[in-house]
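Notes follow once the structure below has been shown.
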Amino acid sequence: MLVLIGILFIIAGFVLRFNPLLVIMASALATGLAAGLDIAAIIAAFGKAFNDTRYVSIIWIVLPVIGLLEAYGLQQHARTLIGRMKGATLGRLLTGYLLLRQGMAAIGLTSVAGHAQTVRPLVAPMAEAAAEAANPALTDDQREEVKAHAAATDNIGLFFGEDIFLAIGSILLMKGVLEGYGYQIEPLHFSLWAIPTAIAAFLIHGFRLRRLDRRMAAKTEAAA
């Protein structure tokens, strides 16, 4: 039971509002000592964990690149591009992105798009420009609603698309849990049964985006 002391460290640290990194480090150290490990073994475990998950640090390379692109007018160019496209409404734009996001997630490319990589620098500005084309006098609340739908579209596309990919963690987790109860199910079966769910998610959210277009148009007519 002593190995659970790390949980107490985490609870106490968050209640007292200490630095989260220090709290986690102290918790891991206390758990290791309670389990009978020496300091060298605990440090080695930290090193192994960092080495196994070193790909996480890639985000620190991606973010500065996106920041530089934004500084040189990426969002403005995206807004200009969508402004030149006739018939590119807010709903159609986000529906197209939903299809693209689901398709890429279905073949395992879950990190190609995302909030940091595409939604903030590209999709949200383009969606806002499409909404402005229909109603130049957008209110702040309407702008925030557009951004929220852009972020939600990315979430839905990823969540319901990634389960189609055979090697995704969620499928492997379900396979492992069911095997523990004696059910032998191949990952391919999970993948195939995820397809109807993904289609349903696309149709439902596509309908919501169509309603968003109509709602924006109604507000424009009311303002006129």
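Computed values, structure above
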{"quantity": "Condition check for Ala127: under 22 Å from Ile204 (Cα atoms), touching a helix residue (DSSP H, G or I) at 6+ places or on another chain (Cβ under 9 Å) and touching a residue at least 12 places away in the same chain (Cβ under 8 Å)", "calculated": "yes"}
{"quantity": "Options Ala167, Ala116, Ala223: the member that is over 18 Å from Thr95 (Cα atoms), in contact with a Pro (Cβ under 9 Å, 6 or more places away or on another chain) and either open to solvent by 70 Å² or more (accessible area, probe 1.4 Å) or at pLDDT below 85 (or both)", "calculated": "Ala167"}
{"quantity": "Qualifying residue in the stretch 200-207 (condition: assigned to a helix (DSSP H, G or I), of a type in the set (A, V, I, L, M) and farther than 21 Å from Leu94 by Cα)", "calculated": "no"}
{"quantity": "Filter pass, Ala148 being of a type in the set (A, V, I, L, M), open to solvent by 40 Å² or more (accessible area, probe 1.4 Å), closer than 19 Å to Tyr97 by Cβ and at pLDDT below 95", "calculated": "yes"}
{"quantity": "Evaluation of Thr95 against (1) more than 19 Å from Arg208 (Cβ to Cβ); (2) open to solvent by 30 Å² or more (accessible area, probe 1.4 Å); (3) β-branched (Val, Ile, Thr) (one fails), failing number", "calculated": "(1)"}
{"quantity": "Total residues in the stretch 127-141, condition within 12 Å of Asp213 (Cα to Cα) and open to solvent by less than 20 Å² (accessible area, probe 1.4 Å)", "calculated": "4"}
{"quantity": "Among (1) closer than 25 Å to Ser111 by Cβ; (2) open to solvent by 40 Å² or more (accessible area, probe 1.4 Å); (3) at pLDDT 90 or above, the one test that Leu122 misses", "calculated": "(3)"}
{"quantity": "Residues that are of a type outside the set (Phe, Trp, Tyr) and surrounded by 14 or more Cβ atoms within 10 Å (Cβ to Cβ), drawn from the stretch 178-194", "calculated": "Pro187, Ser191, Ala194"}
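The values are calculated or read from the model by the stated rules, or taken from the named source; none is laboratory data. Note that the coordinates shown come from a computational prediction; the quantities given were computed from them, not determined experimentally. All Cβ positions, glycine included, derive from the backbone under ideal geometry; neighbour counts span all protein chains shown. With ligands, DNA and RNA removed, areas are computed over all heavy atoms of the protein, side chains included. Shrake-Rupley method; radii C 1.70, N 1.55, O 1.52, S 1.80 Å.
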